[in-house]
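Each remark here refers to the structure printed beneath this line.
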Amino acid sequence: MDVSDLSVDLSIDRTDIDKQGKLLLSFSPDGHKSIFSAKRLQDYLHNVEKQTHDRCESHKTLWDSNTVNAHKTCFDWAAYNDDQTVRLAALSSFAQLGYFVLSNSPAEENQVLKIVDSFGHLRDTNYGNLFEVRATINANNLAYTNAGLGAHTDNPYREPVPTIQALHCVENTVEGGESLLLDGFMAADILRRENVEHFDTLRDTRLHFRFSDNKADLRSRVPLIETDEKIRVICVRYNNRSIDTINLPQDDVLDFYAAYQHFAKILKRSELATTFRLNTGDCMVFDNTRVMHARTSFSTGGQRHVQGAYSDLDGLYSQLRLLQRRETA
Ligand SMILES: [Fe+2]
């Protein structure tokens, strides 16, 4: 039977409790019978008001540069591979804080693909199965120069956006080039607390993002802050290098810029970002719908070679749930 076959006048005709304490329901008008355990019904009723998406801010531990230090976010690559409790801790860090760092992995090209494979599935894009981040001549993307990069999420011009990014350091002998991570959900929460109208403007306004070169022309129309039905944040996007022309109705433009600038200034507050050096063999794995990344400029002497790859939340959360299931079995 399909839902379209059900009567709109469906009702419970009769209820009984059997000797095992199970609830027997008879439905009218078709006489269909169902059996439920009391626990199953209780669990369902208890959770119906608490149902949320994996991405929802209400599941997360929001952090800033101080509070994040109370959490373990860095894990040794060998232990992560050999010990399921370490793997569970790393993936739990991702679910709670939006990132984890793997240290001492092989400093080899393509290692980032092995790391993605360890927690999920690779997302191939027009950049290939991985992308190189190092200074290049005639770079088509600021990431491929030695300039600093402000806090951003990657590829907001892509729908669906890659929800996980991994950046693996193959070599780093430059001065500078420090990595910054920032909790975008915390930034959105600060915006909401300081000016809820600005928060509402960024969640209600759909913007165009675009990336274009001679091989691709990618476009999206999405809000900077995305929420669920209870106005809880589930995704942030911010990338001032790939935002397209802001072409809004005249009456909305000034309000939008006030909100946009407020959010941009919050993202620059030094107390929000955690800063660290990505050493050779280190890899940071972060939620590209939540955690923004940035980089300071670096010297032209020495070598900084990072390889990046995209993945998605489904594979990582699936593995996390399997590990949690084994833990409680
Ligand atoms: Fe980036």
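The values are calculated or read from the model by the stated rules, or taken from the named source; none is laboratory data. Computed from a prediction, not measured in an experiment: that's the story for all the values here. Methodologically, a virtual Cβ is constructed for each residue, glycine included, from the backbone with ideal geometry; neighbour enumeration extends over all protein chains shown. Just the protein is used for accessible areas: all its heavy atoms, side chains included, with ligands, DNA and RNA removed. Shrake-Rupley method; radii C 1.70, N 1.55, O 1.52, S 1.80 Å.
Can you name every residue in segment 277-304 that is open to solvent by 10 Å² or more (accessible area, probe 1.4 Å), touching a Cys at 6+ places or on another chain (Cβ under 9 Å) and within 16 Å of the ligand (Cβ to nearest atom)?
ARG304, the sole residue that qualifies.
If we keep just the residues of segment 164-175 that are away from the ligand (no atom under 14 Å from the Cβ) and among the β-branched types (Val, Ile, Thr), which is surrounded by the fewest Cβ atoms within 10 Å (Cβ to Cβ)?
THR173
Among the residues of segment 244-252, is any without any contact (Cβ under 8 Å) to a residue 24 or more places away in the chain and among the hydrophobic types (A, V, I, L, M, F, W, C)?
No, that holds for no residue.
Output the residue which, of all residues in segment 74-91 that are small (Gly, Ala, Ser) and in contact with a helix residue (DSSP H, G or I) (Cβ under 7 Å, 6 or more places away or on another chain), is least open to solvent (accessible area, probe 1.4 Å).
ALA90
Show the residue pairs that are 6+ apart or on different chains and have beta-carbon atoms under 6 Å apart, the first residue being within segment 63-79 and at pLDDT 95 or above, the second being of a type in the set (Asp, Glu) and open to solvent by 60 Å² or more (accessible area, probe 1.4 Å).
What qualifies is ASP64/GLU271; SER65/GLU271.
Inspect segment 251-260 for any residue being under 24 Å from PRO162 (Cα atoms) and either within 16 Å of the ligand (Cβ to nearest atom) or touching a Leu at 6+ places or on another chain (Cβ under 9 Å) (or both) and give the result as yes or no.
The answer is yes; a qualifying residue exists.
Quick check on my filter: what residues within segment 1-29 are surrounded by 10 or more Cβ atoms within 10 Å (Cβ to Cβ) and touching a helix residue (DSSP H, G or I) at 6+ places or on another chain (Cβ under 9 Å)?
Those that are surrounded by 10 or more Cβ atoms within 10 Å (Cβ to Cβ) and touching a helix residue (DSSP H, G or I) at 6+ places or on another chain (Cβ under 9 Å): ILE17, LYS22, LEU23.
List the strands (runs of 3 or more DSSP E) inside segment 195-302, counting only whole elements, that have at least 2 residues being in the same structural domain as ARG87 (by TED's automatic domain parsing) and of a type in the set (Val, Ile, Thr).
Strands (runs of 3 or more DSSP E) meeting the threshold: 225-227, 233-236, 274-276.
Determine which member of the set LEU267, LEU207, LEU254 is touching a Phe, Trp or Tyr at 6+ places or on another chain (Cβ under 8 Å), modelled with pLDDT of 95 or more and among the aliphatic types (A, V, I, L, M).
Result of the check over LEU267, LEU207, LEU254: LEU267.
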